[in-house]
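Quick notes on the structure that follows.
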Amino acid sequence: MPWQRLYDLGARRVLVTGTGPLGCVPAELGVRGSINGACIPDLQNAAALFNPQLIQMLQELNSQIGTTVFIAANAQQMHMDFISDPQAYGIYPYFLLIC
C-alpha cells in the first residue's frame, strides 16, 4: 500500500488536509449561480461527509502502523472558524481600525 511505502521510506509525520469549504469556492459560486455570495449547500454537504471519513481512515491507518504518522487537518472547519471569528486570528474589520 502507498501509505506503508511512505512509512518504510522514513515518513513519521504526514499532514493530510481534508477538503476546504467546496461550496464557497469563487469559481463554484459563479458557475452555480450563488445568491448573494452564499455557499453552495450541496458542495458544503459533500465536504462535511468526506472530512470525518478521512479522519476515520487515517485513524485506522495509524492503528495498523501502531503509531501516529498520519495527522488530519480539517481545512473546512479552519476556514469556517476564520470566517465566523476573524478577530481570533488577528484580523479586524477595517472600520474598527479607522480612529
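The values are calculated or read from the model by the stated rules, or taken from the named source; none is laboratory data. Predicted, not measured: the structure shown is a model, and the values here were computed from it. As a convention, Cβ positions derive from the backbone with ideal geometry for all residues, glycine included, and neighbour counts pool all protein chains shown. Side chains included, ligands, DNA and RNA excluded: accessible areas come from the protein's heavy atoms. Shrake-Rupley method; radii C 1.70, N 1.55, O 1.52, S 1.80 Å.
Solvent-accessible surface of the chain, taken per residue with a 1.4 Å probe and all protein chains present: 71 Å². GNM on the chain, alpha-carbon springs under 10 angstrom: the most fluctuating residue among ILE65, ILE35, ILE55 is ILE35. Between ILE71 and VAL14, LEU15, VAL16, the built amide H atoms are under 5 Å apart, and every one of these is 5 or more places off in sequence or on another chain.
Checking [x] 9.3; [y] 7.4; [z] 11.4 against mean projected area of the Cα convex hull in nm² calculated from these atoms, the matching label is [x]. With every protein chain in place and a 1.4 angstrom probe, the accessible-area ranking of LEU9, LEU61, largest first, reads LEU9, LEU61.
Can you find, among TYR7, ALA27, THR67, the residue farthest towards the positive end of the dipole of the chain? Put +1 on the C-beta of Lys and Arg, -1 on that of Asp and Glu. Farthest towards the positive end: TYR7.
The trypsin sites (Lys or Arg not before Pro) of segment 1-72 meeting both criteria, a DSSP state outside H, G, I, E and B (loop) and at most 16 other C-beta atoms within 10 angstrom of the site's C-beta, are ARG12, ARG13, ARG32.
Stretching the chain fully between MET57 and LEU6 yields a gain of 16.8 nm (0.36 nm per residue, less the alpha carbon separation).
Distance between the 7 Å Cα→Cβ label points at ASP85 and THR17: 2.2 nm.
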